[in-house]
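Notes follow the structure.
The values are calculated or read from the model by the stated rules, or taken from the named source; none is laboratory data. Only a predicted model underlies this, so the values are computations on that prediction, with no experimental measurement involved. In this analysis, Cβ positions are derived from the backbone assuming ideal geometry, glycine residues included, and neighbour counts consider all displayed protein chains. Ligands, DNA and RNA are stripped out before the accessible areas are found, and what is left, the full protein with its side chains, is counted by its heavy atoms. Shrake-Rupley method; radii C 1.70, N 1.55, O 1.52, S 1.80 Å.
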Amino acid sequence: MAPGVQLPPEIQLAQRLAGNEQVTRDRAVRKLRKYIVARTQRATGGFTHEELLKIWKGLFYCMWMQDKLLLQEELARTISQLIHAFQTTEAQHLFLQTFWQTMTREWAGIDRLRLDKFYLVRGSDCGLRLAWAPLMRMVLNEALKAVRIRGWAERDIEQLLELLTTEILHEDSQAPNGVKSHFLEVYLEELAKVGAAELTADQNLRFVEPFCWIAALTKDSLVLHNITRGIFETIVEQAPFAIEDLMRELDEEEGEEEASGGDDDSDSDEELPGQRPPAGSPEQKWDDEDSTSPVLQFDYKAVADRLFEAASQQNTPSQNRKRLYKVVRKLQDLAGGHFPEDEVPERACKRLLEGRRVRKGKRRWLQQQARSLRGEPGVEAEALSPGGEMKKSRGRPRSTDPAPRTGAAGRKGPPGRKRRPGQRHGARAKAKAAGTRESARKKQRPLESGQWRGRRGRVGAVRSSSAEPT
């Protein structure tokens, strides 16, 4: 570029956002916010798609250059709150769209040490479990807050859901698996943080309805698993807490009605200022962490019907239909008042481990059978059953001599005894062999003097050369 040519403001801000000095980056973030407010207030103003992509590239590397976990959390919150600087809904959606496109483009270049800034960071300090909210989680949270500010309008909800599903979960989307998995993992949690106190069951159904059709029609098994586990099975698992919250709200309403009838007793029941820890103190934060997180309310029958409608389509793959029908049965049970058993996962895990032991025992038994047929040295095949369990020997106890006898060929056993291919093993084979030897001993009577034994066991008199002819 020729000297003296001024760069566009978006490129200048992006260069400063990716600067080496933290002071330069912080100043650039503050200037960017003022620039967004000033430009979007004009009727003819606004940003193009390419301009916002350049700004997000600078913000991405601003986050890349930031060190220390608390500073990363503060910067992620500042960047995510830039969505409120846009004055129109279209500009906010374009800002959100370019964010997910930037994450899709730059995700492959994030190394393991910087992944915690954009994905998930967990640490431990003085026995307390602290979680620093990632950038994607905070951007999703602020996007939902923008919809809440506009009163949860139906049109705004549809536009946000269409944007998220198109950029992240659509078949034509280039979003990597890490972005898809993390989005589906935090979606319900962030929605509950923002709208659990305001959203109705019908509105919550509207927020999860697109995932029914995506799970039914997707050909990606990972997307199917993450939607089933992160959305619908999470709804099933949170059902007891949702009912507890509903009963608690009903009790509070009844308590307020009773309190309105007797104002004299209300003064004595009020909590003193010194009894509650001050806001922002460590004790208050610990109390908030110990409390149950907000849970969304759902009409389980309506969710089951909508999911069944999507799964029963003719173009739904069989594996998707089979997986979703299991979730439909769980939701129908919840609608009928039957809660899932807590021991089911433990029993399933135990059954899985037992099945692995049986398969491992069968495989070991077959290997020993093949080894014994080849005449190789090893553990006797009759020691293990096909089921993998040790059989108890009914014969004589084995010798405790650590050095077993070996025959002429170096195999275990008495000298001169050879094992023929195809020879049967086990207690029955041993008993049959013992009976055969016993019958052979009975047939082989001791020879008297002057007798001989032929090849087939015939006994005859021995002829002597000195014998006189009769």
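Just a few scattered comments:
- Figure legend. Inter-residue proximity from the stretch 18-39: first residues free of Cβ contacts under 8 Å to residues at least 24 places away in the same chain, second residues open to solvent by 50 Å² or more (accessible area, probe 1.4 Å) and not acidic (Asp, Glu), beta-carbon distance below 6 Å, spacing 6+ or different chains. Indicated pairs: 24/16.
- Against the conditions (1) in contact with a Lys or Arg (Cβ under 8 Å, 6 or more places away or on another chain); (2) farther than 15 Å from residue 36 by Cα; (3) among the hydrophobic types (A, V, I, L, M, F, W, C), residue 85 satisfies every one except (2).
- Cβ-Cβ distances below 8 Å connect the following pairs, each with a first residue in the stretch 294-316 that is closer than 17 Å to residue 236 by Cβ, a second residue that is charged (D, E, K, R) and open to solvent by less than 50 Å² (accessible area, probe 1.4 Å), and a separation of six or more residues or different chains: 295/245; 297/245; 306/209.
- Applying the condition of being over 22 Å from residue 68 (Cα atoms) and not in a helix (DSSP H, G or I) to the stretch 10-43 and asking which residue is most open to solvent (accessible area, probe 1.4 Å) yields 42.
- Selection count, the stretch 218-228, where residues are assigned to a helix (DSSP H, G or I) and either at pLDDT 95 or above or touching a Lys or Arg at 6+ places or on another chain (Cβ under 9 Å) (or both): 7
- Residues located in the stretch 44-82, provided they are open to solvent by less than 30 Å² (accessible area, probe 1.4 Å), among the polar types (S, T, N, Q) and not in a helix (DSSP H, G or I): 66
- Elements of the type helices (runs of 4 or more DSSP H) sitting completely within the stretch 106-208 and holding at least 2 residues that are at pLDDT 90 or above: these cover 135-149, 154-164, 177-195.
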